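Let me begin by presenting the structure, written as structure tokens, before commenting on it.
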Amino acid sequence: MCSSENINQSLNFKIDLTELKNDLYKQIELGLPNAFMCVMNGFAFEFMIIVAGLSSVSNQSAQIIIMQIVVLNVLFGIGLGNSGCVFIGYSLGSNDKLNGYKVIM
């Protein structure tokens, strides 16, 4: 089971900082475009609410209801896209490029 010796063994590890910097740079390089897309998506929805609010309160409330319905549909597609990216990343990480290529096609 869990003894203090096993816990001490698992906590004693060394981190290679050069490898960590390279991996961190790759993760940031891949993550920043995705973060930018998410921020711009949210900004677009907020901008639509502001524009709808300039005409009347009833238009703004109708816009918010429509946007909630649209978000439900959009999130389904985003979830499928993210799961595909995870599967492709897992395939590439395990050096199974053929299986990752099948997902793309």
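The values are calculated or read from the model by the stated rules, or taken from the named source; none is laboratory data. What you are looking at is a predicted structure, and each value in this text was computed from that prediction instead of being measured. Glycine gets a Cβ as well: all are built from the backbone with ideal geometry, and neighbour counts include every protein chain shown.
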### Query
If you check every pair at least six apart or on different chains, which have Cβ atoms under 6 Å apart with a residue in segment 71-88 that is surrounded by 11 or more Cβ atoms within 10 Å (Cβ to Cβ) first and a residue that is in a helix (DSSP H, G or I) and not hydrophobic (A, V, I, L, M, F, W, C) second?
Ile88/Gly100
### Query
Cβ-Cβ below 8 Å, separation at least six or inter-chain, first residue in segment 40-57 and under 14 Å from Val71 (Cα atoms), second β-branched (Val, Ile, Thr) and in a helix (DSSP H, G or I): which pairs?
Phe45/Val71; Ile49/Ile64
### Task
Filter segment 1-33 down to residues that are at pLDDT below 80 and either more than 22 Å from the chain's Cα centre (by Cα) or within 30 Å of Gln68 (Cα to Cα) (or both), then give me how many there are.
21
### Query
What are the residues in segment 51-69 that are part of a helix (DSSP H, G or I) and loosely packed, with under 11 Cβ neighbours inside 10 Å, if any?
Leu54, Ser55, Val57, Ser58, Ile65, Gln68, Ile69
